[in-house]
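Peer 1: Let me give you the structure first, and then I'll get to my questions.
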Amino acid sequence: MTRTLAPVARPPARTVVGRFDLLAVLESCLAVGDSVLLDGPRGIGKSTLLDAIGTAARARGELVLRASGAEAERWMGYQGLADLLGQVPADCFGPLTDRQRLALQGVRRGRRAADDRVRAARRLGWHSVLTECAKRAPVLILVDDVHWLDAPTADVFAYAARRLDGLAVRFVLAGRWPDSGQRARTLVPGPITETTVPPLTAEDIADLLDAHGTSARAATKIHADSAGNPYLALALADGSSRLRALIHSRLRELSDQVRETLLVCALATRPTVRLLLRAGRVEVDADLAAAVDAGLLVTDGDTIRFTPPDAALVVAHGVSATRRSAVHLALAGAVTFAAEADRHRALASADPDGEMAKALVVAAEAALRRGARDLAAELYLLAADRTPPDQERSRVGWLVAAAEVGATASLPELVGPAAEAVLAAESEPVQRVRVRLALLKLSGQALSTMDETLSAAHSEAGGDPAALAHTHLWRAWSAVSAGTLSVADTEADLSVRHARAVRDPVTESMALAVRALAARELGRPDARALLDDGLALGVPAADGLWHLGPRFTAARFATFDDRLGEARAELLGLLAVVERGGAEELLAVLRALSEVDARLGRCREALDYADRAVRVAAEFGLSPGPAWSARAVAELAGGSLAGARSCAERGIRACLEENDLFYLRKHLHLVAQARLRDGDIQGGVDALRRIQAQESAYGRQDPTSQRWHADLVTGLLALGEIAAADELIGTARATTECGPGVTATYDRAEAALRAATGESDRAMDLVRSARATFHALGQPIEEGHCLLVEAKVERRRRHYTAARAAGDAAIELFTTVGAHPWLAEANSLLVRLGDVGDTGGTLTASEARVAAMVGEGASNQEIADQLYLSRKTIEATLTRIYRKLGIRSRTQLIRHIHAG
């Protein structure tokens, strides 16, 4: 019997990074007597799991025996058995017959040869030893790298496995299964639980790398490059020497045929299974399986990716230039995109060739039209390299193009050399400015730390108004990131003036977008007019910078104004544009869509967009702050409070590392919301106070982009600081025009305040007004939040039936939209309401739900998981149900339900 892995609700204490839940499941399987088979590629952490399982078993007083297979020892008969016998207490050999004792002594002393009688004695002896050990204490046998276990030991294991029924002997075997685990299943008694150890998440890899001082941005990229493999992630963090040694060692274990297939993959632009077949690699499936098993590749069935990416360089540089040229020529005939064929033909020869350089430029332009920016950047760089010495002006031009396109594709390894070559050449000032700005594009949210590059670009611009328009624009964006909005407005105004002087409407429109954003944040009335001026120019944003242009800013304004349907439509239109564009602009649009969908109650879509944003940030090595803010927003709406808090806390760290005050505010607000809702009131208030101080220092006035005031009022009330809460809500209402959505949050917060001061009727008027506003705006989660406040106000008034009705309405809303954290809060409130008020023998709606689930056969833990409550809460609810119905047991409740 083989079981599939199922989650359990309450895992043991955390012992291994990222394996909290998995260890809990494995321990629960062992507790019921299952054998466990662990599968997974090299370095995924199977040995670490065995360590943790063994440590826990020893702490319980169990006898732990451990062995490991080894490729060099697989021909040494009984080596695995000898390792295990050396750990068995001496008195456990007492019951053996003389023949069995001598046979096992021969194993331990290295006399491994055996005839049929000796082999039989060893089988019987091992079984007798296990039987005797199990009489004294439970036995746990751990075997690592079982795929290298020698055949005689496997034979002894298989014999014993068929005869261990009823004995306290359990097995955990780890390895890689070329036969899908068929051999391993014969070595252990059933039932058997099999699982593949999964990759670590980005959060887990960040935890793993904390001790190495790895930045948040670097940790995110390492997660992508390692495909979540912890051993590989540590090698990447340690540096190139250890990493290359690791890659070389793994390559040496592969056959010549597999290495040749890897060479084709390494030289291809985008390796796929179909391309390999067209290139003549007929054993591609077996070759790729061997490479995946060695931890050098990941594949989804067609596309192929090296892990880490440096493995491709090691493979390519491990053969002669002649061999590489031959493979490139073969690939030129196998690819289906002409630009890729031109790339391979160019790489087959390093000689300068003017005609080839021109062909490469044409190919680069074709790649750009197709959205293949990484290929286009490489083709421009190749064109520069193949340009003859007497065409220096063209060469520099292609280098500038390579740097600019490479920056939008987030390719620092290409942009850096291209920019250095331009700065070292006799280039024009405007070209030098352009490559320095390309370097700035790579900085992401760390733009405000790039003062030296910005100053150099501005100096290079001299008196050229076209160049100055660009440098002032970038200085404006840097100021936004640093939080100095008045500086951003000044720099953007200078950019507008220079852009108009040289009739550059693209730069002018983008500078107007910055001015509009700064004006809005500073509370100025001209924000909309500035944005309209930018939109009226009717030009697209600069390449790779749609997220900084007026269309994207207009979508943001619509979000701030609670015109969420309009914002969503605009963002979906932009998504179609940027999906073939730059990584930064794609990330920004995905983040914005996730936020809008979360507010619209489209929780599943919000989580999906956030996941895409996180993947883009990791794949391209972008600043993780924006992606983690998207994930935290989505988690607060439809995931979990713990997930939201984790993402927001990581976002705070990333923002501090990159001096990104813009997203720091967002993450502080997100972590505050998670803390407040999770009961950490003081922690939530402290985070909100940091936002309050930051906004005061930088003159921010607009409450619509960061709606923290109502949350701080709620936190102050929970701390009993009623006067401070009253003062804050009055100040917030008096500061500036804030729109219907923000006003409704103020109304809801003030409702709780008025209820706390005994003004229940006023409180009900305020919260019902807020609920009506959010209903009209199409924001069901905010509407449900109002219902929860309404239920609490009604409870204060001792209107328990009305309170439960409001709570039930909130549950219906949250269930409909999949707002799981809010659903948990609503269920918890209804459980508390069940303890008060006179309902006679009538069950409340929450009690009826629990009773119905019991009638369907659900366990307490299953009910708790589905209702997002604790098991103790369910037990307390069942106690009330029994009391109300006059019954004493679960069985009686089931009969009552089925009879009724």
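The values are calculated or read from the model by the stated rules, or taken from the named source; none is laboratory data. Here the structure is a predicted model, which means the values were calculated and not measured. Neighbour counts run over all protein chains shown; Cβ positions are idealised from the backbone, glycine included. Calculation scope for accessible area: heavy atoms of the full protein, side chains included, ligands and nucleic acids excluded. Shrake-Rupley method; radii C 1.70, N 1.55, O 1.52, S 1.80 Å.
Peer 1: Hey, with R₀ at 45 Å, roughly what FRET efficiency would Ser889 and Asp611 work out to, going by the Cβ-Cβ distance, to 0.05?
Peer 2: It comes out at approximately 0.50.
Peer 1: Once the convex hull of the alpha carbons of region 463-612 is built, what does its volume come to per residue, in cubic angstrom?
Peer 2: Given the Cα convex hull of region 463-612, per-residue volume reads 107 Å³.
Peer 1: Length gain on complete extension for the stretch Arg503 to Asp865, per 0.36 nm per residue less the alpha carbon to alpha carbon distance?
Peer 2: So the extension gain works out to 124.1 nm.
Peer 1: May I ask you to give the percent of accessible area on region 760-890 that is carbon plus sulfur, with a probe radius of 1.4 Å?
Peer 2: 48 percent
Peer 1: How many percent of DSSP beta bridges within the chain run antiparallel, rounded to 5?
Peer 2: About 15 percent, rounded to the nearest 5.
Peer 1: Still on this model: Computed over the Cα atoms of region 652-720, what is the ratio Rg over Rh, Rh following Kirkwood?
Peer 2: So for region 652-720, dividing Rg by the Kirkwood Rh gives 0.97.
Peer 1: In the calculated pair distance distribution of region 746-878, what percentage of Cα-Cα distances lie above 20 Å?
Peer 2: Within region 746-878, distances greater than 20 Å cover 46 percent of Cα pairs.
Peer 1: Go ahead and run the numbers for FRET between His898 and Val32, Cβ-Cβ distance against an R0 of 35 Å, rounding to 0.05.
Peer 2: With R0 = 35 Å, the Cβ-Cβ based efficiency is 0.75.
Peer 1: With the full set of protein chains in place, find how many percent of the accessible area of region 428-561 is carbon and sulfur; take the probe as 1.4 Å.
Peer 2: Carbon and sulfur: 53 percent of the exposed surface of region 428-561.
Peer 1: Find the relative contact order for the chain and round it to a whole percent, using C-alpha pairs within less than 8 Å whose residues are 6+ positions apart.
Peer 2: 7 percent
Peer 1: Obtain the radius of gyration and the Kirkwood radius of region 88-198 from its C-alpha atoms and give Rg over Rh.
Peer 2: 0.97
Peer 1: Taking 7 Å along the Cα-to-C-beta vector as the label spot, tell me the Ala876-Thr196 distance in nanometres, rounded to one decimal.
Peer 2: 4.3 nm
Peer 1: Starting from the Cα-Cα distance between Gln391 and Asp761, subtract it from 0.36 nm times their residue separation and give me the gain in nm to one decimal.
Peer 2: 124.9 nm
Peer 1: I'm spelling it out carefully: the read-out is semi-axes √(5λ) of the Cα gyration tensor in Å, the candidates are [x] 52, 47, 20; [y] 70, 42, 21; [z] 69, 33, 21, and one was derived from this structure. Which label?
Peer 2: Given [x] 52, 47, 20; [y] 70, 42, 21; [z] 69, 33, 21, the calculated one carries the label [x].
Peer 1: Additional query: Quote the Stokes-Einstein diffusion coefficient, in whole µm² s⁻¹, for region 255-328, based on the Kirkwood radius over alpha carbon pairs, a temperature of 4 °C and a viscosity of 1.567 mPa s.
Peer 2: Estimated via Stokes-Einstein, D reaches 108 µm²/s.
Peer 1: Output the peptides 783-790, 704-711 sorted from most to least packed, where packing is the average of other Cβ atoms within 10 Å over each peptide's residues.
Peer 2: By packing density, highest mean first, the sequence is 783-790, 704-711.
Peer 1: Could you tell me the largest-minus-smallest coordinate of the C-alpha atoms of region 503-572 on each of the three principal axes, in descending order and whole angstroms?
Peer 2: Extents along the principal axes, in whole Å: 35, 29, 18.
Peer 1: Calculate, in nm to one decimal, what His317 and Ala776 gain on full extension: separation in residues at 0.36 nm each, minus their alpha carbon distance.
Peer 2: 158.9 nm
Peer 1: Moving on to the next point. Based on the Kirkwood radius over alpha-carbon pairs, what is the Stokes-Einstein translational diffusion coefficient of region 409-454 at 25 °C with 0.890 mPa s viscosity, in µm²/s?
Peer 2: 224 µm²/s
Peer 1: Moving on to the next point. Please compute, over every Cα-Cα pair in region 422-503, the percentage with a separation greater than 14 angstrom.
Peer 2: Within region 422-503, distances greater than 14 Å cover 60 percent of Cα pairs.
Peer 1: Suppose R0 equals 41 Å. What FRET efficiency, 1/(1 + (r/R0)^6) with r the Cβ-Cβ distance, do Arg370 and Glu737 give to the nearest 0.05?
Peer 2: So the FRET efficiency works out to roughly 0.30.
Peer 1: Rg to Rh for region 173-304: what is it, with Cα atoms only and Rh by Kirkwood?
Peer 2: Computed over Cα atoms, the ratio is 1.02.
Peer 1: So, one more: Can you give me the three principal axis dimensions of region 225-379 from its C-alpha atoms, in Å, biggest first?
Peer 2: The Cα atoms of region 225-379 stretch 46, 34, 29 Å along their principal axes.
Peer 1: In addition: For the peptides 85-94, 42-51, what is the packing order when you average, over each peptide's residues, the other Cβ atoms within 10 Å and list the highest mean first?
Peer 2: Result, highest mean Cβ count within 10 Å first: 42-51, 85-94.
Peer 1: Something else now. Averaging sequence separations of C-alpha pairs under 8 Å and six or more residues apart, then dividing by the length of region 574-717, give the relative contact order as a whole percent.
Peer 2: It comes to 16 percent, rounded to a whole number.
Peer 1: Mind ranking 444-452, 802-810 by how tightly packed they are, going by the mean number of other C-beta atoms within 10 angstrom, highest first?
Peer 2: Packing proxy ranking, top to bottom: 802-810, 444-452.
Peer 1: Right, another one. Please report, in Å, the Rg and the Dmax of region 600-729, where both are computed over Cα atoms only.
Peer 2: 14.9, 49
Peer 1: For the chain, what does -39500 (n - 2.57) per DSSP helix run (n ≥ 4), summed and divided by total residues, give at 222 nm, in deg cm²/dmol to the nearest 500?
Peer 2: Calculated from helices alone, the mean residue ellipticity at 222 nm is -21500 deg cm²/dmol.
Peer 1: So what is the accessible area of the chain per residue, in Å², with the probe set to 1.4 Å?
Peer 2: Normalised by residue count, the accessible surface of the chain is 41 Å².
Peer 1: Taking all protein chains as present, what is the carbon and sulfur share of the accessible area of region 595-648, in % to the nearest whole number, probe 1.4 Å?
Peer 2: Here carbon and sulfur together make up 52 percent of the probe-accessible area.
Peer 1: Using only the alpha carbons of region 22-133, what is the convex hull's orientation-averaged projected area in square nanometres?
Peer 2: Computing the convex hull of the Cα atoms and averaging its projections yields 8.3 nm².
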